[in-house]
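The structure under discussion appears below in the form of C-alpha cells.
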Amino acid sequence: MAELIRQQELDVEIDFYGFALQDVDDNKVPLEYPEGREAGNAFLTAREGRLDIESAGHTHTATLSAEVWDGEPAAADDRGQWEERDEARIHSPSGELAVWAVTGGPMDTCLKLADGGGSWRVRVYCEGRAEVRWLAQQGVPEGVEHYLVQFWPTR
C-alpha cells in the first residue's frame, strides 16, 4: 500500500486558459512555458521537464492539491466530482516544480517532489470546469476550479 509523503495546497493564477508545472531548473527545460503550448487541445500535455494543463476558464484563481506518494496511490475517483482526469510522466532534474502562468511566468510557490531529481508518474484530476467556464465570462472567479495532482516515483 502506497504511503503519502507530502501534501501541498496552492492557489494557481490561471490566465489564457492554462498553467504549467515546470522544473525549477530552467536550464534543464528545453522549451520554457508557454513555448510549444497547444492551447485548447488536451487537458494534460507532458513535455520535457514540464506539464501543461488546460483550464476551462480564461482568467481566474484555481485551487490545486498536490500529493507526493512513495508508490502508486489508489485512484481518487471517489474524492471529487471530476470532470477531467489524465495521467502522464515527468522527469524533474531538481525534484521541484514551479507553477507557471501563461503570461505571468513562474509564481512564487513550488511543489517539492523530492530532495533530488527523478522521474515521476502523475495523475491529474479537475472539477468545477463547467461552472468556471461560465463564471470566468462574467468576472474573475476564485476557488471554483479545483485540481488534484498525485505524483509517485517511477521504478
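The values are calculated or read from the model by the stated rules, or taken from the named source; none is laboratory data. What you see is a predicted model, and the numbers here were worked out from it, not measured in a lab. Neighbour counts run over all protein chains shown; Cβ positions are idealised from the backbone, glycine included. Keep in mind that these areas ignore ligands, DNA and RNA; they rest on the heavy atoms of the full protein, side chains included. Shrake-Rupley method; radii C 1.70, N 1.55, O 1.52, S 1.80 Å.
A search for C-beta distances below 6 Å between a residue of the range 94-113 that is without any contact (Cβ under 8 Å) to a residue 12 or more places away in the chain and any residue that is of a type in the set (S, T, N, Q) and open to solvent by less than 10 Å² (accessible area, probe 1.4 Å), counting only pairs 6+ apart in sequence or on different chains, returns nothing.
Are any of the residues in the range 88-96 modelled with pLDDT under 95, open to solvent by 10 Å² or more (accessible area, probe 1.4 Å), among the acidic types (Asp, Glu) and not in a loop (DSSP other than H, G, I, E, B)? Among the residues of the range 88-96, not one is modelled with pLDDT under 95, open to solvent by 10 Å² or more (accessible area, probe 1.4 Å), among the acidic types (Asp, Glu) and not in a loop (DSSP other than H, G, I, E, B), which makes the answer no. Within the range 1-10, can you find the residues that are assigned to a loop (DSSP other than H, G, I, E, B) and open to solvent by 50 Å² or more (accessible area, probe 1.4 Å)? Met1, Glu3, listed by residue number. Scanning the range 11-29 for residues that are open to solvent by less than 90 Å² (accessible area, probe 1.4 Å) and over 30 Å from Leu135 (Cα atoms) gives Asp23, Val24, Asp25, Asp26, Val29. Evaluation of Val29 against the conditions (1) of a type in the set (A, V, I, L, M); (2) in contact with an Asp or Glu (Cβ under 7 Å, 6 or more places away or on another chain); (3) touching a residue at least 40 places away in the same chain (Cβ under 8 Å) shows that the sole unmet condition is (3). Within the range 108-119, being under 13 Å from the mean Cα position of the chain (by Cα) and not in a loop (DSSP other than H, G, I, E, B) holds for Thr109, Cys110, Leu111, Lys112.
Please go through the range 40-55 and give me each residue that is farther than 19 Å from Leu113 by Cβ, free of Cβ contacts under 8 Å to residues at least 40 places away in the same chain and of a type outside the set (S, T, N, Q), ordered by number. Correct list: Gly40, Glu54.
So that you can scan it fast, the table gives a plain yes or no per residue for (1) of a type in the set (Asp, Glu); (2) farther than 17 Å from Glu67 by Cβ; (3) open to solvent by 60 Å² or more (accessible area, probe 1.4 Å):
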residue: Cys110; (1), (2), (3): no, no, no
residue: Leu113; (1), (2), (3): no, no, no
residue: Gly116; (1), (2), (3): no, yes, no
residue: Trp120; (1), (2), (3): no, no, no
residue: Val132; (1), (2), (3): no, yes, no
residue: Gln138; (1), (2), (3): no, yes, yes
residue: Gly143; (1), (2), (3): no, yes, no
residue: Leu148; (1), (2), (3): no, no, no
